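The values are calculated or read from the model by the stated rules, or taken from the named source; none is laboratory data. Because the structure is a prediction, the values reported are computed rather than measured. A quick note on method: Cβ atoms are made from the backbone with ideal geometry, for glycine too, and the neighbour counts reach across all protein chains shown. These area figures cover heavy atoms from the full protein model, side chains too; ligands, DNA and RNA do not enter into them. Shrake-Rupley method; radii C 1.70, N 1.55, O 1.52, S 1.80 Å.
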Amino acid sequence: MRISPKITQALAVLLLGSATFFTVMVLVFVIVFVLGKGLPGVTWEFLSTNPRDMGRAGGILPTLVGTILLPLLAIAIALPLGVGTSVYLTEYTRETRMTRALRFGTDCLAGIPSIIFGLFGFIFFVVGLNMGWCLLSGGLTLAIMILPTIIRTSEEAIRAVPNSWREVSFSLGATRWETVLKVVLPNALPGIVTGVMLGIGRSIGETAAVIFTAGSALRMPISAFDSVRTMSVHFYILAREGISTEKAYATAAVLIISVLMVNLIAYGMMHRFIARRAR
Amino acid sequence: MKFNGENIAKYALMTVAFSAVASLLLIAVFIFKEGLPFMMKVGLKDFLFASDWDPLAGKFGIYPMIVASLWVTFGAMLIGAPLGIAGAIFLNEFAPPMMMKIIKPTIELLAGIPSVVFGFLGVMVLAPWIRATLGGPGLSVLAASIILGIMVLPTVLSISIDAIASVPNSYREGALALGATRWQSVYMVTIKAARSGIIASIILAMGRALGETMAVIMVAGNTVKVPHAVTDPVRTLTANIALEMANATGMAREALFATGIVLFMVIMVLNGIALSAIKGKARKK
Amino acid sequence: MKIMVALTGVVLCAGFMGLTGCGKSRENVTIAGSTAFQPFAEKLADQYMSTHPGVMITVQGGGSSMGIQSALSGAAEIGMADLVELPPEAASLKSLIVARDGIAVVVNPANKVSSLTYDQVRDVFSGKIKNWKDVGGSDYAIAVISREAGSGTRSSFEKILGGIKLAEDALVQDSNGTIRETVANDQNAIGYVSHGLINEKIKAVSVDGIECMEATIMKGEYRLVRPVFLMAKEGASPACQAFLEYVMSNEAQELLHQSGLIRAK
């Protein structure tokens, strides 16, 4: 018996819809659960004071600073490299054996587990270059880690820019580089911002690679050669060592809110940008 | 002048384009330098296919970890991929645009939630539930698969959404004009056109699941034994490295770098298969 | 794009300012190693820095072997290790026993077993005894929780038990605190932790009828005890040596004692 296409369609929509609903519910549960348990512990004092007794009491100020500095440093290093790579791959070459190798290399880098980045960062930056566990070692390691994310998303964004726009630009006498700067990159910006966001998100959430390269010292970093502990590392240590479940949840709540804020700002920027261009 | 500027830009970009590959090579060189001599010494067979891991006694079989990594990754994909792709199709093709506007950012936000938070929830909520309902120690293949499956959801969903959204509307209109229902047009046209992006999302997700360390250490139990049931505790390759690296010296440390090589190779092979699958299908089209 | 460029600039400037501005006025001492001793070292460092504002002491974990490696390579000035005996490569370092630590065998408070013999402990951890009913408990499978291979606590524990081979299906966790949490979450679990980490969430069982407590450890009655070493290179910086002297001082030893360790002298 043939099932009528209409019934198939209804079934498919029902199935897909409930899968979506389930996905959203699971993720909402994670947020609500953590915020519900953590928010009561988040006060101004918690954010603005130093931890005492290894985090059993006091606040999380140094880890907050570490969580801001480390991803920014990583983005500062990875963004020019990543966008440059994607511009080269999309605008300056045809598909050759070399670009295929470059792309394969990027894909492989993307698949490399963070723990291996951690090992590499430890052996290369911390020990090999004798930089010690510090902000800079961590930032460089994270930069390599998020490079593929930025390359991938930028490349996709750049490819999405219609070819006809480039042709118009060329026909007006613009060179390739001018076209890249004035036509391609501005139009690919939302995609690039998404990549940056994903990169920041990954950096904020990273634990394995950070512990091995930036260390876990619970102090305010004063120079780029100071060890830092990010909030996720702090949370990991608090939760896993059973130091303080209450402080762990509070830290997790701040962590989730930070990510939320980063994303909201990024989305806001993206929409304003699109709106301005439409005018 | 302009001509020169163009060339400078071109060569500068070309140099930058090698940054990712150069990093990859650097990492590979360092990991292989530390681990390869060890593999030669112990012998590939005694390293990959022996089940006895006791570094202090000179026994370095990582077979249980390889099996564990595969089980856990497969389990995570079984949960994460269908949900993520279904969500992407639903949001793109059937849901009102408003819903997409709210749900997509919400879910992308979740990509930023640290894996340790998921791991902690796994320990506090999931593991006790598994222990109570299915038996075993709770920390298990199942717990790790579910946690990883949820963790890779945003990756699958977000990239699949972009892939499906980038399919030109004219394709859909063509199918609809031929009398297809919305679902038929999705099933026969849109998904096929978006295939490479969807596969890419799954590859990325697999990489994340296979490479995740902290959450897995927290929920998998870390027992060095080939699992026979989904409620058995296991130790993945990544967990093995992170657990023992701190305290490993000499041969034991080299063994962990060799574990890193195996992880590295498995991911290279996976990537190779997936990438050639995309290319093969693209050619047929 | 412009915002990104500006951000990049800000971050780099901040970095360089940090590089050139500070760091010279302070003396840095980095301590790395044993995760079991790390909390105590952090307390000592806090106390010491409050009276010596010119010194900055950074405490890192990493594990006992990492402590030895770091002290050897110079990644850290002072290494921490809690092993029954130091490995041969540590011979070139100046080592110092700064405290002693009992290893408590712990179970979930809901477990009715509260006493095991030395032989039972050995058989449980080597996997010969697999059910709680064989040692006077209820009919549940024992979930053995151990530290990872190479851990100072684990190698000390196994050595004191006469060189056992850990049960094949033991769960493995990578810190004392985590073992405590895992045991606290699982009614059928058994593990071992530093004496200083015992709290109301877990129950320490007595071994051969002797409880794991300070008095019994000091008298040498409780058998599961290991020393804590601090190690530094010969000719370490004055700041580093001053801190080591401080650790052996009466004040610091008292602090360690209050935090749950056993004084070195």
- Task: Quote the FRET efficiency, to the nearest 0.05, computed for A:Leu61 versus B:Asn4 with a Förster distance R0 of 35 Å and r equal to the Cβ-Cβ distance.
- Result: 0.10
- Would you mind computing the Rg to Rh ratio of the protein assembly as shown from its alpha-carbon coordinates, Kirkwood style for Rh? 0.99
- What is the average number of partner chain Cβ atoms found within 10 Å of a Cβ in A:192-202? 3
- Message: Just checking the output field for C:47-57: average partner chain Cβ neighbours within 10 Å of each residue's Cβ?
- Response: 1
- Task: List the DSSP H helices in chain A whose Cα atoms stretch 15 Å or more along the helix axis and whose mean Kyte-Doolittle hydropathy is at least -0.5.
- Result: A:5-38, A:61-87, A:97-111, A:135-159, A:185-205, A:245-278
- Reference-scaled alpha-carbon Rg (2.2 N^0.38 Å with N residues) for the range C:112-265: 1.17
- Which net charge results for the neighbourhood of B:Phe94, defined as the other residues with beta-carbon distances under 13 angstrom from its beta-carbon, given Lys and Arg at +1 and Asp and Glu at -1? +1
- For the pair B and A, how large is the buried accessible area, both sides, in square angstrom to the nearest 100, if the probe is 1.4 Å? 7000
- Task: Would you please report the Å³ per residue occupied by the convex hull of the alpha carbon atoms in chain B?
- Result: 201
- Query: How would you rank B:49-62, C:72-85, highest first, on the average number of other Cβ atoms within 10 Å across their residues?
  - Reply: C:72-85, B:49-62
- Query: When the accessible area of chain A is computed with all protein chains present and a 1.4 Å probe, what percentage of it is carbon and sulfur?
  - Reply: 68
- Show that you can apply the helix-only estimate: for chain C, add -39,500 (n - 2.57) for every DSSP H stretch of four or more residues, divide by all residues, and state [θ] at 222 nm to the nearest 500. -11000 deg cm²/dmol
- Message: Suppose R0 equals 51 Å. What FRET efficiency, 1/(1 + (r/R0)^6) with r the Cβ-Cβ distance, do A:Ile265 and B:Val226 give to the nearest 0.05?
- Response: 0.60
- In short, the range A:119-137 residues buried by 30 Å² or more of accessible area relative to the isolated chain (1.4 Å probe) are A:Leu119, A:Phe120, A:Phe122, A:Ile123, A:Phe124, A:Trp133
- Note on the structure: Honestly chain C on the Cα gyration tensor test (a ≥ b ≥ c root eigenvalues; a/c under 1.5 rounded, otherwise a/b vs b/c for prolate or oblate) is just prolate
- Message: Per 0.36 nm of contour for each residue apart, how much would the distance between C:Leu96 and C:Asp119 grow if the chain were fully extended, relative to their Cα-Cα spacing?
- Response: 5.1 nm
- Message: Accessible area per residue for the protein assembly as shown in Å², computed with a 1.4 Å probe and the full protein assembly in place, what is it?
- Response: 40
- Descending packing, highest mean Cβ count within 10 Å first, for B:171-177, C:145-151 is C:145-151, B:171-177
- Message: I need the phi-derived Karplus couplings for the range B:62-69: 6.51 cos²θ - 1.76 cosθ + 1.60, θ = phi - 60°, integer Hz, Gly and Pro marked x.
- Response: 10, 3, x, 6, 4, 4, 4, 4
- Note on the structure: For the A:Arg159, A:Thr49 Cβ pair and Förster radius 51 Å, calculated FRET efficiency rounded to 0.05 is 0.60
- Query: Counting only DSSP beta bridges with both residues in chain C, what percent are antiparallel, rounded to the nearest 5?
  - Reply: 60
- Estimated D of the range B:86-224 in µm² per second, where Rh is the Kirkwood radius over Cα pairs and Stokes-Einstein applies at 4 °C, 1.567 mPa s: 77
- Item | Farthest toward positive dipole pole in chain C [+1 Lys/Arg, -1 Asp/Glu at C-beta], among C:Ala236, C:His195, C:Ile68 | C:Ala236
- Item | Interchain or long-range residues, amide H under 5 Å from C:Val59's placed H | A:Leu218, C:Ile31
- Order the peptides A:83-90, B:31-38 from the highest to the lowest mean number of other Cβ atoms within 10 Å of their residues. A:83-90, B:31-38
- Item | Cα centre as origin, Lys/Arg/Asp/Glu Cβ charges: the range A:42-278 dipole, Debye | 380
- Item | the range A:104-226 shape via C-alpha gyration tensor axes, a/c threshold 1.5 | prolate
- Pairwise burial B:C, computed as accessible area of each alone minus the pair, summed, 1.4 Å, Å²: 1900
- Query: Once a ≥ b ≥ c are taken as the square roots of the eigenvalues of the Cα gyration tensor of the range C:174-242, is the result rounded (a/c under 1.5), prolate (a/b larger than b/c) or oblate (a/b not larger than b/c)?
  - Reply: oblate
- C:Glu148's amide H: which non-local residues (gap 5+, or another chain) put their own amide H closer than 5 Å, with H modeled 1.01 Å from N in plane and none for Pro or chain starts? C:Gln173
- Query: If you project the alpha carbons of the range A:42-278 onto the principal axes, what extent comes out on each, in Å, largest first?
  - Reply: 67, 42, 27
- Message: Leaving out ligands, DNA and RNA, and with a 1.4 Å probe, what % of the accessible surface on the range C:102-225 is carbon or sulfur?
- Response: 46
- Item | Formal net charge of residues neighbouring C:Ala242 (Cβ-Cβ distance under 13 Å; K, R +1; D, E -1) | -3
- Note on the structure: Net charge near B:Ile241 (other residues with Cβ under 13 Å of its Cβ; Lys, Arg +1; Asp, Glu -1) is -4
- Item | Per DSSP, loop trypsin sites (Lys or Arg not before Pro) in the range A:64-154 with at most 16 further Cβ within 10 Å | A:Arg94
- Query: Ordered by residue, what ³J(HN,Hα) values in Hz, to whole numbers, does the range C:248-258 give under the Karplus form 6.51 cos²θ - 1.76 cosθ + 1.60, where θ = phi - 60° and Gly and Pro are x?
  - Reply: 7, 5, 4, 4, 5, 4, 5, 4, 4, 4, 5
- Note on the structure: Expressed as a percent, the accessible surface of chain B that is carbon or sulfur, using a 1.4 Å probe and the full set of protein chains, is 70
- Item | Sparse-neighbourhood loop sites, trypsin sites (Lys or Arg not before Pro) in the range A:1-40 - DSSP loop, at most 13 other Cβ within 10 angstrom | A:Arg2
- What is the set of long-range amide H partners of A:Gly58 at a cut-off below 5 Å, with H atoms built 1.01 Å from backbone N? A:Arg52
- Out of A:Thr96, A:Thr175, A:Thr20, any idea which swings most in a Gaussian network model of chain A, alpha carbons joined below 10 Å? A:Thr20
- Message: Could you give each residue of the range C:196-201 its phi-based ³J(HN,Hα) in whole Hz, using Karplus coefficients 6.51, -1.76, 1.60 with θ = phi - 60°, and x for Gly or Pro?
- Response: x, 9, 5, 9, 6, 7
